[in-house]
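J.: Here you go, one structure.
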Amino acid sequence: MGGGVGLSINTPFRVATEKTVFAMPETLIGFFPDVGATYFLPRLDGELGIYLGLTGHQLKAYDTVYVPLSLWLNFRWAGIATHYVPSERLEALESRLAEVNSPDFNKVNAILEEFENGPPKGYHFAISPDVQLAIDQ
């Protein structure tokens, strides 16, 4: 949230877990998004970034990677996080990443994809498909 977003959003890999919360809370008290958010929010797919910047709405874990476009599990990349890895797998992920001996982004990405999961069972998106379509319109 807030400043943490500004530090991490420009990195090539951003891993979300079930504990991740994304928001620009300063907008709830009438401030404009800071930490470079006025640059990256409008560049998110669709109008999600504008919506988040205007409302301060919070996204949960998997919402930072994908947003639902229909009830039939059609998704669009949200672009805030690049990968979703459950927190119980982070230690193993860290061990695998430590094995990479070069700054090869393809290797890092492949390892992250090994540890990725879809949304947890029973996961409820913070923004419903109907609301996401309305936001984009």
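The values are calculated or read from the model by the stated rules, or taken from the named source; none is laboratory data. Remember, it's a predicted structure, so these values are computed and weren't measured experimentally. Because the Cβ atoms are built from the backbone with ideal geometry, glycine has one as well, and the counts that use them run over all protein chains shown. Areas reflect the complete protein model, heavy atoms only, side chains present, ligands, DNA and RNA absent. Shrake-Rupley method; radii C 1.70, N 1.55, O 1.52, S 1.80 Å.
J.: Once fully extended, how much extra length lies between Phe105 and Leu90, figured as 0.36 nm per residue of separation less the alpha-carbon to alpha-carbon distance? Each step should come with its number before you reach the end.
T.: Values: separation 15, 0.36 × 15 = 5.40 nm, distance 1.85 nm.
Result for the pair: 3.6 nm of gain on full extension.
J.: Just to verify a number: FRET efficiency for Leu97 and Asp45, C-beta to C-beta distance, R0 = 25 Å, to 0.05?
T.: Values: r = 27 Å, r/R0 = 1.08.
It comes out at approximately 0.40.
J.: Still on this structure, I have one more. From the protein chains alone at 1.4 Å, what is the descending order of accessible area for Phe125, Phe105, largest first?
T.: On the way: Phe125 50, Phe105 115 Å².
If we order Phe125, Phe105 from most to least accessible, we get Phe105, Phe125.
J.: What FRET efficiency comes out for the pair Phe32/Trp77, r = Cβ-Cβ distance, R0 = 22 Å, nearest 0.05?
T.: Numbers: r = 25 Å, r/R0 = 1.15.
Step by step, r from the Cβ atoms, then E = 0.30.
J.: Still on this structure: Which whole-number percent gives the relative contact order of region 17-137, counting Cα pairs below 8 Å spaced six or more residues apart? Don't skip to the end; give the middle numbers.
T.: Numbers: 158 pairs, mean separation 35.2, N = 121.
Answer for region 17-137 is 29 percent.
J.: Where Lys and Arg each count +1 and Asp and Glu each count -1, what net charge lies around Ile135 among other residues with Cβ under 12 Å from its Cβ? Could you put the intermediate results ahead of the total?
T.: Working: positive: Arg76; negative: Asp45, Glu47, Asp130, Asp136.
It works out to a net charge of -3.
J.: For Glu88, Glu47, give the ranking by accessible area with the largest first, probe 1.4 Å.
T.: Numbers: Glu88 140, Glu47 80 Å².
Largest accessible area first, the list is Glu88, Glu47.
J.: Which aspartates and glutamates does Lys60 reach when only Cα atoms under 14 Å apart count, and residues fewer than 8 places away in its own chain are ignored?
T.: The reachable aspartates and glutamates, counting only those whose Cα sits under 14 Å from Lys60, are Glu18.
J.: On the full set of protein chains, 1.4 Å probe, figure out the accessible area of Glu113 and give it in Å² to the nearest 10.
T.: Approximately 100 Å² of Glu113 is accessible to the 1.4 Å probe.
J.: Separate question: State to the nearest 20 debye the size of the charge dipole of region 17-64 about its Cα centre, where the only charges are +1 on K and R beta carbons and -1 on D and E beta carbons.
T.: Details: 3 positive and 6 negative charges, 13 e Å.
The calculated dipole for region 17-64 is roughly 60 debye.
J.: Would you list Phe22, Phe32 from the most to the least accessible area, probe 1.4 Å? Display every interim value, and only then the final one.
T.: Working: Phe22 10, Phe32 150 Å².
Largest accessible area first, the residues go Phe32, Phe22.
J.: For the charge dipole of region 18-137, defined by +1 on Lys and Arg C-beta atoms and -1 on Asp and Glu C-beta atoms about the Cα centroid, which residue among Tyr51, Leu112, Tyr62 has the Cα displaced farthest towards the positive pole?
T.: Farthest towards the positive end: Tyr51.
J.: Considering only protein heavy atoms, what is the solvent-accessible area of Tyr39 at a probe of 1.4 Å, reported in Å² to the nearest 10?
T.: Roll a 1.4 Å probe over it and Tyr39 shows about 130 Å².
J.: How large is the dipole of the chain about the Cα centre if only Lys and Arg carry +1 and Asp and Glu carry -1, each at its Cβ, rounded to the nearest 20 debye? Before the final figure, lay out the partial values.
T.: Numbers: 9 positive and 16 negative charges, 14 e Å.
So the magnitude is around 60 debye.
J.: Per residue of region 30-42, what does 6.51 cos²θ - 1.76 cosθ + 1.60 with θ = phi - 60° give for ³J(HN,Hα)? Whole Hz please, x for Gly and Pro, Karplus curve as stated.
T.: Whole-Hz 3J(HN,Hα) from phi for region 30-42: x, 8, 8, x, 10, 6, x, 5, 5, 8, 7, 4, x.
J.: To continue, here is another question. What does the charge count near Val5 come to, summing +1 for each Lys or Arg and -1 for each Asp or Glu among other residues with Cβ under 12 Å from its Cβ? Spell out each step's value before the answer.
T.: Details: positive: Arg14; negative: Glu26, Asp34.
The answer is -1.
J.: Normalise the Debye intensity by I(0) for the chain, one equal point scatterer per Cα, no solvent, then take log10 at q = 0.10 Å⁻¹ and round to two decimals.
T.: After summing over all Cα pairs, the log10 values are -0.35.
J.: By the scheme Lys and Arg +1, Asp and Glu -1, what is the net charge of all other residues having a beta-carbon under 12 Å from that of Glu113?
T.: Numbers: positive: Arg96, Lys107; negative: Glu114, Glu116.
Residues near Glu113 contribute 0 overall.
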